[in-house]
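The values are calculated or read from the model by the stated rules, or taken from the named source; none is laboratory data. Since the model is a prediction, treat every value here as computed from it, not as a measurement. As a convention, Cβ positions derive from the backbone with ideal geometry for all residues, glycine included, and neighbour counts pool all protein chains shown. To get the accessible areas, we keep the full protein, side chains included, count just its heavy atoms, and leave off ligands, DNA and RNA. Shrake-Rupley method; radii C 1.70, N 1.55, O 1.52, S 1.80 Å.
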Amino acid sequence: MHIPDGFIDAPTAVAAGAVSVGLIAYALRKTGKHLGERTVPLLGVTAAFIFAAQMLNFPVAGGTSGHVLGAVLCVALVGPWAAAIVMTAVLLVQALGMADGGITALGANVFNMGLVAVLVGFGLLAVLKRLLPRTLTGYMISVAVASWVSVVAASAAASLELALSGTVPLGVALPTMISVHMIIGLGEAAITTAVVGAVLAARPDLVGSFDLSLPRSRPALHGAGRRTRFWAFVAGTVVVAVALAVFVAPFASSSPDGLERVAADQGFESAATAEPLWGSSPFGDYQMPGVANGKVATAVAGLVGTLILFALVLLTGRVLGRRRAAASPGLAGAQDSPSDFGAPRGQA
Amino acid sequence: MPLLAEGRAGKSPLHRLDARAKILGFVGFTVVVVSTPAHAVWAFILYATVLVFLLGLARVPPAYVLRRILVVVPFLLVVACFLPFFHRAGAGGYSLGGLHVTGEGLLVLWNAGAKAVLGALSMIVLGATTGFSDIVWGFERLRAPKVLILIVGFMYRYSFVFVEEARRMRRAMTSRNYRARWLWNIPVLGHMLGALFLRSYSRGERVYVAMLSRGYEGTIHLGERTTFGLTGAAFVGSILALAVTIRTLASIWGAA
């Protein structure tokens, strides 16, 4: 997903670069305040870890393989702002040291993989933590969902930039990039949950986002201010999702997808059976039945689809989480057990 | 994938040049290249000539350059797959086995491809003639955010250690006849990476304590290295002047 030089035009590069510079500056201030003089060694070493993790290919099927992006992994381990800095450092070294990702596209690459992936992943982790049961399974599901969505969101951002630059039409770029990364995201989700699980087993104190036992140990987090901020965040996420579904979806699908296009051109579209297996699907061709205007229908279908997906994820999480919670008497013990790896973070 | 550039040792004038001058020169050069209109094909050939001349001056082996340029090729292939779907209304074009490629689609591919290769090439010249610690130093002197630059320097230093560590772990698995082949083998790799993270994090803590015991107070002094001087100014001036001249001629004459 590293965009090279020449794939995006000057306005897009400058705009993405400006947003990235602003947010990274904010992230640096925020992290510097939190970690203080430990910032440089700890984040430097974490960045080196993410870099090494990206070099390690994991199998997808048979001979093919992919590698992890690591944005949500980073969020789960060091928190969102530190994760943004770590990802930026990794991208900077890749651009300067490996010519991987163009130097003029660095702003866009940082925006996609350092900010969109990190912040979307962080947002989902925060929202799902509230919505799913507070068990290990619930947490793992939220990590899996967040890492899957983070990869897809980053690829969507990249294809938007490519389309804005006129390199690839949005109707081609968005579906292609998203569908490819929906598959790559499965590997990302699997490996992220596996790594987070392994770290949790050995040193739960290092997984910053894993604080399930909060109600007991840190009641302050349930204060009124926290709650307001949380619901503001949920509202913001919903607004963004709805905006995407309503405004981007019709734009994206106003031209048919690649296969349909080829089918229409080659005249074998009519060969498709009139009543296919999925012919009774409620939103065939992403159109809402009973809505006349095509664009509006697509937007409504996108909206309903998003909400249904959201509900489905929640439901699965709740059901799985409850079953696991009933089987094992919670995780409180895991937090209290002494860590195997020497002193916890705070005493170093 | 080739590992990071290690700043190949050498004694050429380009190697001795101040890091700030090289950063400004090559980044500026890339910016000018990317802004050049795509239809002026000869301009890109001239840009490439400049970079190849500099590579020759620095005596960088061609095999090394070739290996690193391959990084951009996968992305180009992906875009090539999109070509048949570009601007179907565009005039002219070529047909092959039912797939129609328009001239405009080819231009987009050329534009992106040429600029990607030239951008990668100029970063390769920079990386091949400048040690990474010098690049970090140069960015620090150019007033880049110091904390970010120091993190990058740290990361660079330890990435070799961790990549080697990951390879050792993988070798240990292989020597015990384990081979991950399918998606459901991922948890094993995940646990391996988890162990790697724990090792690297505790290494980070040890490094921090070691730094504290040597008087670390939150800043690192990179010291003085080379001077920018007249040579640096001359290099930046001449490479940018050359690029801007080609760029101007390209927009005047277009596809001459």
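What pairs can you find where one residue is in the stretch A:34-50 and in contact (Cβ under 8 Å) with a residue 12 or more places away in the chain, the other is outside any helix (DSSP H, G or I) and open to solvent by less than 10 Å² (accessible area, probe 1.4 Å), and their Cβ atoms are less than 6 Å apart, with a gap of 6+ or different chains?
Once the first residue is in contact (Cβ under 8 Å) with a residue 12 or more places away in the chain and sits in the stretch A:34-50, its partners that are outside any helix (DSSP H, G or I) and open to solvent by less than 10 Å² (accessible area, probe 1.4 Å) give A:50/A:70.
Could you grab me the full set of residues in the stretch A:70-121 that are at the interface with another protein chain (Cβ under 10 Å from one of its Cβ atoms) and part of a loop (DSSP other than H, G, I, E, B)?
A:70, A:98, A:99, A:100, A:101, A:102, A:103, A:104, A:105
Going through A:173, A:156 one at a time, which residue ends up being in a helix (DSSP H, G or I), open to solvent by less than 30 Å² (accessible area, probe 1.4 Å) and at pLDDT 90 or above?
Going through A:173, A:156 in turn, just one is in a helix (DSSP H, G or I), open to solvent by less than 30 Å² (accessible area, probe 1.4 Å) and at pLDDT 90 or above: A:156.
Among the residues of the stretch A:1-53 satisfying the criterion of being open to solvent by 20 Å² or more (accessible area, probe 1.4 Å) and under 20 Å from the mean Cα position of the chain (by Cα), which is nearest to the other protein chains (Cβ to nearest Cβ)?
A:2
For the structure I just gave you, tell me whether residue A:180 is at pLDDT below 90, in a helix (DSSP H, G or I) and not small (Gly, Ala, Ser).
Values: at pLDDT below 90: yes; in a helix (DSSP H, G or I): yes; not small (Gly, Ala, Ser): yes.
So residue A:180 passes the test.
With the stretch B:37-110 as the region, which helices (runs of 4 or more DSSP H) entirely inside it contain at least 3 residues that are open to solvent by less than 40 Å² (accessible area, probe 1.4 Å) and at pLDDT 75 or above?
B:41-57, B:62-69
Take the stretch B:139-159 and flag every residue that is part of a loop (DSSP other than H, G, I, E, B), open to solvent by 50 Å² or more (accessible area, probe 1.4 Å) and more than 7 Å from chain A (Cβ to nearest Cβ).
Those that are part of a loop (DSSP other than H, G, I, E, B), open to solvent by 50 Å² or more (accessible area, probe 1.4 Å) and more than 7 Å from chain A (Cβ to nearest Cβ): B:142, B:143.
If you scan the stretch A:159-169, which residues turn out to be open to solvent by less than 20 Å² (accessible area, probe 1.4 Å) and either in a helix (DSSP H, G or I) or touching a strand residue (DSSP E or B) at 6+ places or on another chain (Cβ under 7 Å) (or both)?
A:159, A:161, A:162
Select from the stretch A:164-175 the residues that are under 15 Å from residue A:3 (Cβ atoms) and within 11 Å of chain B (Cβ to nearest Cβ) and list them in ascending order.
A:165, A:166, A:167, A:168, A:173
Tell me which residues, restricted to the stretch B:165-219, are part of a helix (DSSP H, G or I), open to solvent by 50 Å² or more (accessible area, probe 1.4 Å) and more than 24 Å from residue A:206 (Cβ to Cβ).
B:171, B:174, B:175, B:183, B:184
Can you name every residue in the stretch A:183-196 that is at pLDDT below 90 and open to solvent by 20 Å² or more (accessible area, probe 1.4 Å)?
A:183, A:184, A:186, A:190
Scanning for something touching a helix residue (DSSP H, G or I) at 6+ places or on another chain (Cβ under 8 Å) and either at the interface with chain A (Cβ under 7 Å from one of its Cβ atoms) or touching a residue at least 60 places away in the same chain (Cβ under 8 Å) (or both), does the stretch B:173-181 turn up at least one residue?
The answer is yes; a qualifying residue exists.
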